[in-house]
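> Sharing a structure with you now.
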Amino acid sequence: MAYTKRLDGRKFDELRPIKAEVGVIPNADGSALFAFGETLVIAAVYGPRPLHPAHMQEPDRGIIRCEYNMLPFSVSERARPGPSRRSKEISMITANALSSIVDLTRFPGTVIDVQILIIQANASTRCAGINAASMALAHAGIVMKELVSSVSIGKIDDKIVVDVDKKEEDYSDGEGSTDIPFTLTSRSKSIVHLQLDGKIPLKRFKEAFLAAKTACEKILKYQERALKGEKINEN
Amino acid sequence: MITEKEIAEEKTERKLVVPGELIVSGDYLPGDFTRKEGNDIIANRYGLAEISGRFVKIIPVSGVYEPRRGNTVIGRVNDINFSGWIIDIGGPYSAFLSIMESPRFINKMNLDEFASVGDVLDLKINTVKKGGIDLTLKSKGLGKLDGGRLIKINPHKVPRVIGRGGSMINLIKEKTRTDITVGQNGFIWINGDLEGEKKAEEAVNLIAQEATTEGLTDKIEKFLGGKDKWEVH
């Protein structure tokens, strides 16, 4: 059977209900919460602050040290705490995406610590994490060119869908499922992070990119509203 | 974004902007934390955008302490080496207080006789260089702060804690009968009896929390007022 209707009844270009808020962690310099439906993430930013060990310091710029962490209770089967191969990779790509918007030359030899905690996972955790981290960085008063917004675009069977959830990620009928997380900057709309899990023809990829662009535009609106003091909860 | 109409009506009310947001478009000059792209002035930081004449700038509302020369700060001794003290003043870099900058003679072998690890000092920033921050004690009112407690708030909220002409801080001092020193880095030292210190700490945290509300002095007065347990029976 072809994929004519999404499993959770959303439209093909519809995001899950979003939650967004800043200032959720009082002890951090900046913090934010972001949720796509059941995927709930908090991010905390500390710094710029002195970096130790000193051999990690860069003499001409600061660095971003990112830690993506799935909490043991965030998935149905208990996740082993601590860094895994997967979480190390996601931490790295998140740090790379964020480094391209932050002005790191202001405080050479320092570190900006970004902690991303996945409280509850239902696919698209890295996208929710990047969205929360972007808000938390802004909230921490870090000098940055623009914000970033992230969304995962899927090709489920032959349909392009926005904001993939776990059930869609596991869909195996027809052409199966492809998951493409995109991260776009808010102003110049350049891609700062892109991954692809599955396969997709070039023509469909262009379609997916356009879908990501419109979805990121929507997400940005939520991020801006949350930063301006609103507590967004669509659930 | 700030519209033409608002400028015409001279509503210089500050607006909260996020990084990458268009603040205003037209013949303007970019000031602090803004940049120019064509005719647009874009925000580089989260904060309050303000237009004065042709000049656009952003007043930060959050973020760590940015050390400036001449600032009076409070710090805690982190470490001691043979030539001075390494001091945590918050912010991106730790600071150094040289033995030469102390107001009286100190034996090189016994630096911790003057200040040991964990002690709190009231200091002034002498220089801010690429390699670090140098502090001094050679100025009026600086020195070691004995006893009391050290609390930390966001440095951008310090002006609010002090109030216009020191009105807010004097109010707290008076009502709680404590001695309070506020550093520009957001470190605040409170000394008094236990009850007073507690009350003062709560008051300071309340101010930091509600820094944007108006009529804050009245609110704090009410908070500190209530029963005046300091009356002598």
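The values are calculated or read from the model by the stated rules, or taken from the named source; none is laboratory data. Keep in mind that what you see is a predicted model, and the values were worked out from it rather than measured. Cβ sites come from the backbone with ideal geometry, for glycine too, and all protein chains shown count toward neighbours. Accessible surface is based on the protein model in full, side chains and every heavy atom, while ligands, DNA and RNA are left aside. Shrake-Rupley method; radii C 1.70, N 1.55, O 1.52, S 1.80 Å.
> Over the protein assembly as shown, give the accessible area per residue in Å² for a 1.4 Å probe, as an integer.
Numbers: 23220 Å² over 468 residues.
Per-residue value: 50 Å².
> Let me ask another. Roughly speaking, to the nearest percent, how much of the protein assembly as shown's 1.4 Å accessible area is carbon and sulfur?
50 percent
> Quick check for me: using +1 on Lys/Arg Cβ and -1 on Asp/Glu Cβ, what's the dipole size of segment B:149-224 about its Cα centre, in debye to the nearest 20?
140 debye
> Taking θ = phi - 60°, what integer Hz values does the Karplus form 6.51 cos²θ - 1.76 cosθ + 1.60 yield along segment A:157-167, in sequence order, with x for Gly and Pro?
For segment A:157-167, the Karplus-derived couplings read 6, 10, 9, 8, 10, 9, 6, 6, 9, 4, 5 Hz, x marking Gly and Pro.
> In terms of Cα to Cα distance under 16 Å, which lysines are near enough to residue A:5, apart from those fewer than 8 places away along the same chain?
A:155, A:159, A:166, A:167
> Also, I was wondering about something else. Could you tell me which of the pairs A:11/A:221; A:145/A:228; B:36/B:124; B:57/B:152; B:157/B:219; B:57/B:219 are separated by over 25 angstrom between their Cα atoms in the structure shown?
Distance filter (> 25 Å) returns B:36/B:124; B:57/B:152; B:57/B:219.
> Starting from the amide H of residue A:156, placed 1.01 Å from N in the peptide plane, find each other amide H under 5 Å away whose residue is 5 or more places distant or on another chain.
A:161, A:178
> Using the Cα gyration tensor of segment B:149-224, with a ≥ b ≥ c the square roots of its eigenvalues, what is the shape: rounded (a/c below 1.5), prolate (a/b larger than b/c) or oblate (neither)?
oblate
> Moving on to the next point. State log₁₀ I(q)/I(0) for segment A:65-122 at q = 0.15 Å⁻¹ as given by the Debye formula over alpha-carbon point scatterers of equal weight, solvent excluded.
Result of the Debye calculation: -0.51.
> Also, quick follow-up: If you take every DSSP beta bridge fully contained in chain A, what fraction is antiparallel? Give it as a percent rounded to 5.
85 percent
> Just to make sure I understand: if all protein chains stay in place, what is the order of B:104, A:204 by accessible area at 1.4 Å, largest first?
Result of the area sort, largest leading: B:104, A:204.
> For the protein assembly as shown, what does the alpha-carbon gyration tensor say about shape, rounded, prolate or oblate, given a ≥ b ≥ c as the root eigenvalues, a/c under 1.5 as rounded, and a/b over b/c as prolate?
Prolate is the answer for the protein assembly as shown, as a/c is 1.5 or above and a/b outweighs b/c.
> Give me the summed buried accessible area for the A-B pair, 1.4 Å probe, to the nearest 100 Å².
Result for this pair: about 1900 Å² buried.
> Name the residue, out of A:39, A:125, A:110, whose mean-square fluctuation peaks in a Gaussian network model built on chain A with Cα pairs under 10 Å.
A:110
> Classify segment B:72-145: rounded, prolate or oblate, from the alpha-carbon gyration tensor (a ≥ b ≥ c, eigenvalue square roots; a/c under 1.5 rounded; otherwise prolate if a/b is larger than b/c)?
rounded
> Which parts of segment B:70-101, residue by residue, lose 40 Å² or more of accessible area when the rest of the protein chains are there, as against the chain isolated (1.4 Å probe)?
Those residues are B:92, B:93.
> Further question on the same structure: Give the residue from A:208, B:207, A:154 lying farthest towards the positive end of the charge dipole for the protein assembly as shown; charges sit on Cβ (+1 for Lys and Arg, -1 for Asp and Glu) and the dipole is referred to the Cα centre.
Value computed over the given set: A:208.
> Could you sort the residues of segment A:136-151 by number and keep only those whose accessible area is reduced by 30 Å² or more in the all-protein-chain setting relative to the chain alone, 1.4 Å probe?
Buried by the other chains: A:138, A:139, A:141, A:143, A:144, A:145.
> Provide, as a two-decimal number, the C-alpha radius of gyration of chain A over 2.2 N^0.38 Å, N being how many residues it has.
1.00
> Now for a separate question. Nearest 5 is fine: what % of DSSP beta bridges in segment B:72-145 come out antiparallel, could you say?
Given both bridge residues lie in segment B:72-145, the antiparallel proportion sits at roughly 90 percent.
> In whole Å, how far is the Cα centre of segment A:1-58 from that of segment B:139-209?
A separation of 36 Å, based on Cα centres.
> So what is the relative contact order for chain A, in percent, with contacts set as C-alpha pairs under 8 Å and at least six apart?
Details: 547 pairs, mean separation 57.0, N = 235.
Value for chain A: 24 percent.
> Of B:102, B:52, B:167, which is the most mobile in a GNM of chain B whose springs link Cα atoms less than 10 angstrom apart?
Its mean-square fluctuation being the largest, the pick is B:52.
> Now for a different question. Go through A:77, A:175, B:37, B:197 and list them by solvent-accessible area, largest first, probe radius 1.4 Å.
Ranked from most to least accessible, the order is A:77, A:175, B:37, B:197.
> Still on this model: So which aspartates and glutamates pass the test for residue A:203, namely a Cα distance under 14 Å, with those fewer than 8 places away in the same chain ruled out?
Excluding near neighbours in sequence, the set is A:158.
> Here is a follow-up. For peptide A:101-107, compute the average count of partner chain beta-carbon atoms within 10 Å of each residue's beta-carbon.
Average per residue, whole number: 2.
> Quick one: accessible surface of residue B:73, probe radius 1.4 Å, all protein chains present, in square angstrom to the nearest 10.
Probe radius 1.4 Å; accessible area of residue B:73 about 0 Å².
> Give me the dipole magnitude in Debye, nearest 20, for the protein assembly as shown about the Cα centre, with unit charges on the beta carbon: positive for Lys and Arg, negative for Asp and Glu.
540 debye
> Follow-up. Is there a quick way to get the dipole size of segment A:1-89? I mean about its Cα centre, with the Cβ of Lys and Arg at +1 and of Asp and Glu at -1; what is the value in debye to the nearest 20?
Using Cβ point charges on Lys, Arg, Asp and Glu, segment A:1-89 gives about 340 debye.
> Next question, about the same structure. So how far, in whole Å, is the C-alpha centre of segment B:92-113 from the one of segment A:141-180?
So the separation of the two Cα centres works out to 57 Å.
> Add +1 for every Lys or Arg and -1 for every Asp or Glu among the other residues with Cβ under 12 Å from the Cβ of residue B:124, and state the total.
Here the count lands on +1.
> How about segment B:44-61: which of its residues lose at least 10 Å² of accessible area in the presence of all protein chains relative to their chain isolated, using a 1.4 Å probe?
B:44, B:45, B:46
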